[in-house]
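What follows is a short report on a single structure.
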Amino acid sequence: MIRKIIFLLICFNLGLLSYFNADLILPSPVKAVTQEISPEKIQILTPQQIEAFPKKSAENSNTAINASDATPTVATDTKPVACYEWGVFSKARITEAQIASSKIALQPLVIEHSSVEAKRFWVYKAPLKSAEAAQAKALELKALGITDLYVVEDAKWKNAISFGIFEEEQLATNLVKELKAKGIKDVVKALRNQGKGYTSLIFKEITAEKISELQQLKSNFPEANLKEVNCN
């Protein structure tokens, strides 16, 4: 009995101790820290002071956005640079040349020539047995420093190597001598386009890009010469 009374007294004392020291035993709740506002430190700004603050430029923002979204552009040479004459052609071939020109978006003027004006002298090497042999020979000739040449693709003269077409016979003769001096054999000088009914195509103020495309057509028309002329 005495033990029970002593046990109850101990429990009663412990309960009183916990009650009066609860703030020490239990964790304190988190209190929000607030910054005290000092009314005397509040300052009202004038419109002039507000305007003085640095501002973010809308133009700079737009520039930055545009710069990130911009895609690189490639400059193209579209400015007219020169005039060219391509000829001379027989009546049977002029239509083919016009069609070839239209395929690269060119519409040339057609100029008629007299029989004297139509004379052209062609310097060439006779057709080789195959396209491979012609290309190999062309590379061999270029290694000797002869760069003004091309392999003919026209059916009649396919795989011949053309060195040039001239209005003056003497220029053609001089070229033959130069080629033979470099050890090139079987070079031929022949008269082309004699007789009536010959024409040339005149290309007015075409771009460098179109000139390059036009030069690629030469191999199909070995009888014609492409040259730059006065635009007047």
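The values are calculated or read from the model by the stated rules, or taken from the named source; none is laboratory data. Bear in mind that the values here come from a model prediction, so they are computed numbers and not experimental data. As a convention, Cβ positions derive from the backbone with ideal geometry for all residues, glycine included, and neighbour counts pool all protein chains shown.
Would you confirm whether or not region 161-171 contains a residue that is crowded, with 16+ Cβ neighbours inside 10 Å, aliphatic (A, V, I, L, M) and not in a strand (DSSP E or B)? Checked against the condition, which is being crowded, with 16+ Cβ neighbours inside 10 Å, aliphatic (A, V, I, L, M) and not in a strand (DSSP E or B), region 161-171 yields no hits at all. Annotation: of all residues in region 174-210 being in contact (Cβ under 8 Å) with a residue 24 or more places away in the chain and in a helix (DSSP H, G or I), the one that is nearest to GLY87 (Cα to Cα) is LYS210. Scanning region 165-181 for residues that are at pLDDT below 90 and either under 39 Å from the mean Cα position of the chain (by Cα) or hydroxyl-bearing (Ser, Thr, Tyr) (or both) gives ILE165, PHE166, GLU167. Against the numbered list (1) under 28 Å from LEU106 (Cβ atoms); (2) in contact with a helix residue (DSSP H, G or I) (Cβ under 6 Å, 6 or more places away or on another chain), ALA155 comes up short only at (2).
Scanning for something among the hydroxyl-bearing types (Ser, Thr, Tyr) and either within 30 Å of the chain's Cα centre (by Cα) or surrounded by 13 or more Cβ atoms within 10 Å (Cβ to Cβ) (or both), does region 126-145 turn up at least one residue? The answer is no, given that none of the residues of region 126-145 is among the hydroxyl-bearing types (Ser, Thr, Tyr) and either within 30 Å of the chain's Cα centre (by Cα) or surrounded by 13 or more Cβ atoms within 10 Å (Cβ to Cβ) (or both).
Residues that are over 24 Å from ILE94 (Cα atoms) and either modelled with pLDDT under 90 or not hydroxyl-bearing (Ser, Thr, Tyr) (or both) do not occur anywhere in region 200-223. Suppose the filter is within 23 Å of ALA224 (Cα to Cα) and either surrounded by 10 or more Cβ atoms within 10 Å (Cβ to Cβ) or modelled with pLDDT under 90 (or both); does VAL74 pass it? Answer is no for this residue. Looking only at residues in region 211-232 that are assigned to a loop (DSSP other than H, G, I, E, B) and touching a residue at least 24 places away in the same chain (Cβ under 8 Å), the one that is farthest from LEU141 (Cα to Cα) is CYS231.
Please verify whether region 107-129 includes one or more residues that are hydroxyl-bearing (Ser, Thr, Tyr), part of a strand (DSSP E or B) and modelled with pLDDT of 85 or more. Checked against the condition, which is being hydroxyl-bearing (Ser, Thr, Tyr), part of a strand (DSSP E or B) and modelled with pLDDT of 85 or more, region 107-129 yields at least one hit.
Within region 150-161, does at least one residue satisfy the condition of being farther than 22 Å from GLY87 by Cβ and either of a type in the set (A, V, I, L, M) or at pLDDT 90 or above (or both)? Yes, region 150-161 contains at least one residue that is farther than 22 Å from GLY87 by Cβ and either of a type in the set (A, V, I, L, M) or at pLDDT 90 or above (or both).
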